[in-house]
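Everything on this sheet refers to the single structure shown next.
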Amino acid sequence: MSISADDFQIVQKFLLENSGISLAPGKEYLVEGRLQPLVYSEGFDDIHVLVVALNKNSESDLGKKVIEALTTNETSFFRDKHPFETLKTAIIPELLKKTQANKKIQIWSAASSSGQEPYSLAMLLADSFSWVKDWDIRIVASDISEEMLEKCRSGLYSQFEISRGLPAHYLPRFFQRAQSKWQINSEIRERIDFCYLNLYEDWVGLPPLDIIFMRNVLIYFDKDTKKTILEKVIKVLKPGGYLFMGSGEKPDGLEEHFQTTDFSTSACFKLVSA
Ligand SMILES: C[S@@+](CC[C@H](N)C(=O)[O-])C[C@H]1O[C@@H](n2cnc3c(N)ncnc32)[C@H](O)[C@@H]1O
């Protein structure tokens, strides 16, 4: 059953107010396709009845499920490759020199989806910087989707997910068989703190950060929301820290704070002033 114009508007408003995600007109097909499985699993007669229930109580569990259904979770191990190369060859070596005094490096994977991004970071550190013994290097990984966070914490991936971007020699090194899936070793899992964080709400509990990966998520927000979120990045990123965005993304409107780096193919920007 197709969604009516009124119901689409209700979903649009709900999603914007609760996650910052902006659904452009014309995305009715996406809402229909993504909400239909929820209609069945939650026992509603059709999309309209689901939207009425959502409109009555947007803070319910149903609200969370609607947000989860409408977010795009596309990701892969070592997505785009360049950012990880840049980290390995330039940024981590620079930070190791800079943090000699306190020997602490904090990395945040904001919008970590099903975990491939933070796990890629953790495997890169274990592989290329295993000689760094006395540094405390922590990764925080967050997302708005509890379902994605659960998958992150389980560390379980299908053969298909493994085949998307994981270097072949990392499989025997960092994974073990778990029936039909592969599970990432606890040594890697323990390097990451997974937590719920809605980028559209207040950010609580984040440590001062040296590196932020905020990739392929700001594209879902409108211009003003994107700017508001980047202003919050300025507050939590240490001066001289690095922001990695998705390929082709830029910190629009805040160029005086973020310097373009030599690593432009990595969409890597340096915070020069807070
Ligand atoms: C396309 S994935 C990007 C994953 C990963 N960063 C990458 O580049 O491969 C987008 C993620 O953003 C999350 N997301 C969407 N809106 C969010 C919000 N308001 N706060 C936090 N995460 C959000 C979604 O749940 C989804 O997992």
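The values are calculated or read from the model by the stated rules, or taken from the named source; none is laboratory data. Small disclaimer: the values here were computed from a predicted structure and weren't measured. So basically every Cβ, Gly included, is an ideal-geometry build from the backbone, and we count neighbours across all protein chains shown. In case anyone asks, the SASA skips ligands and DNA or RNA and just uses the protein heavy atoms, side chains included. Shrake-Rupley method; radii C 1.70, N 1.55, O 1.52, S 1.80 Å.
General observations
- Reported count of residues in segment 200-211, each being within 11 Å of the ligand (Cβ to nearest atom) and either within 19 Å of residue 116 (Cα to Cα) or surrounded by fewer than 14 Cβ atoms within 10 Å (Cβ to Cβ) (or both), is 1.
- Residue count for segment 232-262 satisfying the condition of being within 15 Å of the ligand (Cβ to nearest atom) and either more than 18 Å from the chain's Cα centre (by Cα) or open to solvent by 70 Å² or more (accessible area, probe 1.4 Å) (or both): 2.
- Answer from 193, 143 - the residue that is in the same structural domain as residue 221 (by TED's automatic domain parsing), open to solvent by 60 Å² or more (accessible area, probe 1.4 Å) and touching a residue at least 24 places away in the same chain (Cβ under 8 Å): 193
- Residues that are in a loop (DSSP other than H, G, I, E, B) and in contact with a helix residue (DSSP H, G or I) (Cβ under 7 Å, 6 or more places away or on another chain), drawn from segment 232-251: 246, 249, 251
- Residue in segment 81-96 that is open to solvent by 60 Å² or more (accessible area, probe 1.4 Å), among the polar types (S, T, N, Q) and outside any loop (DSSP other than H, G, I, E, B) present: yes
- Residue selected from segment 212-231 under the condition within 11 Å of the ligand (Cβ to nearest atom) and assigned to a loop (DSSP other than H, G, I, E, B), by the criterion nearest to residue 147 (Cα to Cα): 217
- Of all residue pairs spaced 6 or more apart or on separate chains, those with beta-carbon atoms under 6 Å, a first member in segment 244-256 that is closer than 21 Å to residue 107 by Cβ and a second member that is open to solvent by less than 70 Å² (accessible area, probe 1.4 Å) and among the small types (Gly, Ala, Ser) are 245/267; 247/267; 249/267.
- Matching residues in segment 149-172 - criterion: being of a type in the set (D, E, K, R), surrounded by 14 or more Cβ atoms within 10 Å (Cβ to Cβ) and either not in a loop (DSSP other than H, G, I, E, B) or not assigned by TED's automatic domain parsing to the domain that holds residue 123 (or both): 151, 161
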